[in-house]
Amino acid sequence: MAVGTRFAGAASLAGAALAAMALTGVAVFTVQAATCEDAGHYVEVDGQTTLVGGCLEPEDLPAAPTTRDTEPQTPDQGVDRLRQSP
């Protein structure tokens, strides 16, 4: 019985190590395959940190969400998270 338990523990440890090595390999490949020459750097201006340079263009990002035209909810509207339904 103890041999089976040890084998099961060793097998799951080996499986986890194998998965970690595979994910590490994929991450290294992804970084090496990236075609970005300027990785960019951070600069602090007026107390705000800003990324300068890099490979991401503003057009690559999705549009910022617009504000809602509805009125803000009052505390008596919506779901009361402190009370459970009967």
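The values are calculated or read from the model by the stated rules, or taken from the named source; none is laboratory data. On a predicted model such as this, the values are computed, not experimentally measured, just so you know. Cβ atoms come from the backbone with ideal geometry, glycine included; neighbour counts cover every protein chain shown.
Residues are listed down the side, and each one gets a yes or a no for (1) within 19 Å of the chain's Cα centre (by Cα); (2) outside any strand (DSSP E or B); (3) polar (S, T, N, Q):
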residue: Ala10; (1), (2), (3): no, yes, no
residue: Ala14; (1), (2), (3): no, yes, no
residue: Met21; (1), (2), (3): no, yes, no
residue: Val26; (1), (2), (3): yes, yes, no
residue: Glu44; (1), (2), (3): no, no, no
- Query: In segment 38-55, which residues are of a type outside the set (Val, Ile, Thr) and without any contact (Cβ under 8 Å) to a residue 12 or more places away in the chain?
  - Reply: Tyr42, Glu44, Asp46, Gly47, Gln48, Leu51
- Task: Read through the list (1) at pLDDT 80 or above; (2) over 20 Å from the mean Cα position of the chain (by Cα), then give the number of the only condition that Val31 fails.
- Result: (2)
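Might you check whether a residue that is at pLDDT below 90, surrounded by 10 or more Cβ atoms within 10 Å (Cβ to Cβ) and either in contact with a Phe, Trp or Tyr (Cβ under 7 Å, 6 or more places away or on another chain) or acidic (Asp, Glu) (or both) occurs anywhere in segment 62-85? I'd like the intermediate steps shown before the answer.
At the first step, the residues of segment 62-85 found to be at pLDDT below 90 are 62-85.
Then keep just the ones that are surrounded by 10 or more Cβ atoms within 10 Å (Cβ to Cβ); that gives 80.
Those still in the list that are either in contact with a Phe, Trp or Tyr (Cβ under 7 Å, 6 or more places away or on another chain) or acidic (Asp, Glu) (or both) too: 80.
Yes, because at least one residue in segment 62-85 is at pLDDT below 90, surrounded by 10 or more Cβ atoms within 10 Å (Cβ to Cβ) and either in contact with a Phe, Trp or Tyr (Cβ under 7 Å, 6 or more places away or on another chain) or acidic (Asp, Glu) (or both).
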